[in-house]
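Written out below as structure tokens is the structure these notes cover.
The values are calculated or read from the model by the stated rules, or taken from the named source; none is laboratory data. What you see is a predicted model; the values in this text were computed from it and never measured. Here the Cβ positions follow ideal geometry from the backbone for every residue, glycine too, while neighbour counts run over all protein chains shown. The protein model used for the area step is the full one, side chains on, heavy atoms only, and it has no ligands, DNA or RNA in it. Shrake-Rupley method; radii C 1.70, N 1.55, O 1.52, S 1.80 Å.
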Amino acid sequence: MTDLARAGALPEGAGRGGRHPRSPGARLRAVAPALLAFAAVRLVCAAVLALWDPAEDKGVVRLLSGRWDSVWYASIAEHGYGRTVVAEDGGVHSDLAFFPLLPWLERLVSAVSPLSAGEAGLLVSAVASLAAAWALYAIGERLHGPRAGVLLAVLWAAVPVGIVQSMAYTEALFTALAAWSLYALLTDRWLTAGALSAAAGLCRPAGLAVAAAVAASALAALLAARDGGGAGGARGVARLWRAHRRMVGGVLLAPLGWAGYVLWVGARTGEPLGYLRVQEGWGNGFDGGWGFAVFIGERLTGGSPVAGLALCAGVAALLWVCVLCVRMRLPLPLLVYGGLMVVLALCAAGYFGSKPRLLLPAFPLLLPAAVALARARAGVAAGVAGVAVAGAAVYGAVWLTGSGPP
């Protein structure tokens with residue numbers, strides 16, 4: 001039994017049940033259905049986007065890699081940091097708001113290929129999304145069997161804003177790193193979990209959620225080991241820390257990516273909290289959800305009460321799914337990570353349209369649906385998945401040829 005299972009952070013039998021092929025070839029054959037299904041969903045969504053408006057002069061590649069944040073990432077990849085734009089509303093938009101891992105990879109890929117930085121970003125996202133789908137399959141299969149693993153990957157591909165997975169954005173890359181870090185926690189590979197968490201922290205601010213999952217898992221395992229070993233007090237805990245050196249190493253590694261970049265921005269701006277000031281220039285930050293509540297209130301009391309009620313229903317549904325995750329006793333790392341991703345999305349200040357995109361990496365929220373469909377008849381599961389794919393394809397095309405992500 002793993003440390004997390006002993007700590008009660010894993011459900012009964014998790015980490016022991018199921019067959020886990022050892023050879024790379026066997027593992028690839030096991031995950032192939034999930035990867036093929038995931039790729040098929042993403043191709044359908046891309047094809048619908050390409051065919052949605054034949055008169056669209058922007059082109060699919062430009063829609064996916066040549067607007068919004070993609071432009072900023074490509075600029076960093078090509079020229080490094082230092083770009084600042086003053087918006088019409090007076091906001092100072094600095095490229096220091098963007099974490100460096102994606103631009104680094106774009107620069108690397110474009111240096112060894114004929115691809116531009118933006119096109120390299122598309123390739124990075126494509127590979128990362130497949131890596132994320134593999135991790136989701138591995139987590140679902142480990143906890144609830146192969147069918148749940150496949151459905152978890154498919155459902156993640158078919159969320160309404162799933163088209164972002166195909167864009168030169170960080171969501172696919174971050175989700176891959178976060179999911180594999182969490183899987184490493186489920187298998188007691190602490191140093192791997194910490195290293196992947198550090199890499200996720202170089203990808204976007206939400207890397208804090210991955211680091212918190214590593215820390216919470218270590219704390220749960222240590223407390224369980226202390227109680228089981230009869231060690232008491234501070235000295236007992238200290239002995240346990242020394243006995244779990246890999247765990248300690250993973251915990252120390254986990255926040256380094258995020259902390260390192262924030263400290264670097266602070267040094268560059270000459271302010272310890274320079275990163276927060278950079279985010280303020282973009283109108284972003286953490287206001288505890290006040291801005292979002294005001295946004296909903298304005299619609300309820302203004303000219304869009306239906307939209308306000310729909311937003312309330314959406315938030316209620318999201319919280320209900322969180323309760324379901326707790327009730328089905330998801331492992332502690334998934335609960336901590338998923339819960340913090342929800343908090344960061346709902347309580348972040350800034351443009352409302354960002355919130356669905358910010359929730360995209362919160363894949364643990366899809367586990368209740370994946371498990372329910374895995375237990376349903378094949379026809380029912382296929383029908384639900386088909387409706388979800390069709391909805392994601394149409395929504396993604398409408399969204400991306402319209403306002404799109406901020």
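The value given for the range 28-164 is a Kirkwood hydrodynamic radius of 16.8 Å, derived from the mean inverse Cα-Cα separation. For the pair Ser23 and Val326, label points projected 7 Å from Cα toward Cβ lie 4.6 nm apart. Looking at the square roots a ≥ b ≥ c of the eigenvalues of the Cα gyration tensor of the range 325-390, which shape do they give, rounded for a/c under 1.5, prolate if a/b is larger than b/c, or oblate? It is oblate, given that a/c is not under 1.5 and a/b is not larger than b/c. Within the accessible surface of the chain, defined with a 1.4 Å probe on protein heavy atoms only, the carbon and sulfur portion equals 66 percent. Amide H contacts for Phe286 (H built 1.01 Å from N in the peptide plane; partners 5 or more residues away or on another chain; cut-off under 5 Å): Ala349. Mean residue ellipticity, 222 nm, helices only, the chain: the sum of -39500 (n - 2.57) across DSSP H runs of n ≥ 4, divided by residue count and rounded to 500, is -22500 deg cm²/dmol. Descending by average beta-carbon neighbour count within 10 Å, the peptides 133-144, 209-220, 391-402, 352-363 line up as 133-144, 209-220, 352-363, 391-402, the highest first.
Each part reduced to its alpha carbon centroid, the range 40-106 and the range 376-406 end up 22 Å apart.
Beyond 21 Å, what share of the Cα-Cα pairs of the range 284-406 is found? Please give it as a whole percent.
51
With the simple model of a label 7 Å out from the Cα in the direction of the Cβ, Ala310 to Arg377 spans 3.3 nm.
Can you bin the range 45-112 into rounded, prolate or oblate? Criterion: square roots of the alpha carbon gyration tensor eigenvalues sorted a ≥ b ≥ c, rounded for a/c under 1.5, prolate for a/b above b/c, oblate for the rest.
It comes out oblate by the Cα gyration axes.
Extension gain, Phe295 to Leu276: 0.36 nm times the residue separation minus the Cα-Cα distance gives 4.6 nm.
Here is the tail figure for the chain: Cα pairs spaced more than 41 Å apart come to 14 percent of all pairs. Accessible surface for the chain, divided over its residues, is 45 Å² per residue with a 1.4 Å probe. Membrane-span-like helices in the chain, defined here as complete DSSP H runs extending at least 30 Å along the helix axis by their C-alpha atoms with mean Kyte-Doolittle hydropathy no lower than 1.6, are 305-327, 378-400; this is a sequence and geometry rule, not a statement about a membrane.
Residue separation of Ala32 and Arg245 scaled by 0.36 nm, minus their Cα-Cα distance, works out to 73.1 nm of gained length.
Hey, quick one: spin label on Arg83, modelled 7 Å out along Cα-Cβ, who in the range 107-147 has an amide N within reach, i.e. under 19 Å? Label zone hits: 107-111, 115-125.
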